[in-house]
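Chemist: Take a look at this one; I'll ask things after.
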């Protein structure tokens, strides 16, 4: 294995939604020498209505802080505020929270404002962070229409007030790219990245048994559980629940296989 380019000769399929500003996972993979292909299995859509987002932005000072559970939420809320001419809402004296480094980077790049990030990129760690920073007013959580219920359950059980607002929707892609299916069946895709439970479910629905012809790499235990429940156990699980951790997990696995052929 080339230590400086540990995934040289490996083809990696990225299944996340397309990103207009460039895909961060693809950027993380670039230095490894991997050949990257794309086939999003979910798509990001606006919410069914903007009333809840608009009301939240208008009353931002009533909240203890704003919580973003994905970079999609950051983009959706900032774009909506811009369209309303409400550029001052991010000057709220409340704190801002991002669930992971990617969401934090998106927020800080677009606003120039800092945000707090939990030690791990998961809902349990976010709940702990909010508990440490709680006051009397509620937290405002911007999220998608699908996702884990762990965070609200944790906040409820600890008596922490919060409100949730749907800032975007995700929907499954209905038809698989036939070229990707063929390449997968021919053993030409070495890795399929699985970066959320929603992606796990959509991936299995789209590709089914073709996934047995490749290796699944999961970003977190929650995502691994979703895959396993569907009958597809990941070969590798990231120890660090972000894109850098995902790339390191694949690189470690390849490094442990001295006889793995390069194509």
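Chemist: Residue under question is residue 230, and the condition is that it be more than 26 Å from residue 71 (Cα to Cα) and in contact with a helix residue (DSSP H, G or I) (Cβ under 6 Å, 6 or more places away or on another chain); does it hold?
Modeler: Judged against the criteria, residue 230 is a match.
Chemist: Let me ask something additional. From the list 127, 81, which residue is modelled with pLDDT of 90 or more, over 21 Å from residue 45 (Cα atoms) and touching a helix residue (DSSP H, G or I) at 6+ places or on another chain (Cβ under 7 Å)?
Modeler: Just a single option satisfies the conditions, and that option is 127.
Chemist: Among the residues of region 121-141, is any under 29 Å from residue 8 (Cα atoms), part of a loop (DSSP other than H, G, I, E, B), within 21 Å of the chain's Cα centre (by Cα) and outside the structural domain of residue 28 (by TED's automatic domain parsing)?
Modeler: Yes, the conditions are met somewhere in region 121-141.
Chemist: Kindly indicate whether any position in region 199-211 is farther than 24 Å from residue 176 by Cα, touching a residue at least 24 places away in the same chain (Cβ under 8 Å) and either assigned by TED's automatic domain parsing to the domain that holds residue 99 or under 17 Å from the mean Cα position of the chain (by Cα) (or both).
Modeler: No, there is no match, as no residue in region 199-211 is farther than 24 Å from residue 176 by Cα, touching a residue at least 24 places away in the same chain (Cβ under 8 Å) and either assigned by TED's automatic domain parsing to the domain that holds residue 99 or under 17 Å from the mean Cα position of the chain (by Cα) (or both).
Chemist: What do you reckon, is residue 147 surrounded by fewer than 21 Cβ atoms within 10 Å (Cβ to Cβ), on the phi > 0 side of the Ramachandran plot and not assigned by TED's automatic domain parsing to the domain that holds residue 223? Quick ask: steps written out before the conclusion?
Modeler: Values: surrounded by fewer than 21 Cβ atoms within 10 Å (Cβ to Cβ): yes; on the phi > 0 side of the Ramachandran plot: yes; not assigned by TED's automatic domain parsing to the domain that holds residue 223: yes.
Yes, satisfied.
For every residue, the table says whether it meets (1) farther than 21 Å from residue 197 by Cβ; (2) without any contact (Cβ under 8 Å) to a residue 60 or more places away in the chain.
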residue	(1), (2)
110	yes, yes
128	no, yes
132	yes, yes
138	yes, no
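Chemist: With the requirement that a residue be surrounded by 16 or more Cβ atoms within 10 Å (Cβ to Cβ) and farther than 18 Å from residue 95 by Cβ, what does region 155-166 give you?
Modeler: Once the filter is applied, which keeps residues that are surrounded by 16 or more Cβ atoms within 10 Å (Cβ to Cβ) and farther than 18 Å from residue 95 by Cβ, region 155-166 yields only 166.
The values are calculated or read from the model by the stated rules, or taken from the named source; none is laboratory data. Since the structure is predicted, the reported quantities are computational estimates derived from the model, not experimental observations. Glycine gets a Cβ as well: all are built from the backbone with ideal geometry, and neighbour counts include every protein chain shown.
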